[in-house]
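Structure, as structure tokens:
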Amino acid sequence: MVFFGGRLSLRSLPEILIALVALYEFCIVLRVLLGWIRYFAKMEEGRFSYVLYRITEPVLYPVRRTIHPLTNAIGIDLSPAAAILLCEILQYLMRLIFRA
């Protein structure tokens, strides 16, 4: 199997996993940005926003449920920031374990 001009081996699996976590992190950031744009431009939710919601909500919902008692007083949803922090920690641990 060819992967970016080279052979796909078991050694490239950690790099692929790290890249997938980074892509997921990008989806979270994109969802937040599109939410702000929709809010300030008074736009309706489109299909792309719905797809981002479906991709990111399985991680954001448990994070939101966990940190909601802490952030309820300020009225700001900090679950995307916490999820991004978790993604960064996961990437760091994968690099540490796999030495990628």
Set GLU15, GLU44: member being among the acidic types (Asp, Glu), on the phi < 0 side of the Ramachandran plot, in a helix (DSSP H, G or I) and at pLDDT below 95: GLU15
First in the stretch 66-89 and without any contact (Cβ under 8 Å) to a residue 40 or more places away in the chain and surrounded by 13 or more Cβ atoms within 10 Å (Cβ to Cβ), second anywhere and assigned to a loop (DSSP other than H, G, I, E, B) and not β-branched (Val, Ile, Thr), Cβ under 8 Å, 6 or more apart: ILE67/LEU78; THR71/ASP77; THR71/LEU78
Enumeration of residues in the stretch 80-100 that are more than 11 Å from the chain's Cα centre (by Cα) and either modelled with pLDDT under 90 or within 15 Å of VAL32 (Cα to Cα) (or both): PHE98, ARG99, ALA100
Only one of LEU70, LEU52, LEU30 that is assigned to a helix (DSSP H, G or I), more than 26 Å from ILE97 (Cα to Cα), at pLDDT below 85 and among the aliphatic types (A, V, I, L, M): LEU70
Qualifying residue in the stretch 30-45 (condition: surrounded by 14 or more Cβ atoms within 10 Å (Cβ to Cβ), within 13 Å of the chain's Cα centre (by Cα) and β-branched (Val, Ile, Thr)): yes
Residue match in the stretch 84-94 (condition: out of contact with any Asp or Glu (no Cβ under 9 Å at 6 or more places or on another chain), of a type in the set (D, E, K, R) and either outside any loop (DSSP other than H, G, I, E, B) or over 20 Å from ILE18 (Cβ atoms) (or both)): no
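The values are calculated or read from the model by the stated rules, or taken from the named source; none is laboratory data. As the structure is a computational prediction, the values presented were derived from the model and not from experiment. Glycine also receives a Cβ, built like all others from the backbone with ideal geometry; neighbour counts cover every protein chain displayed.
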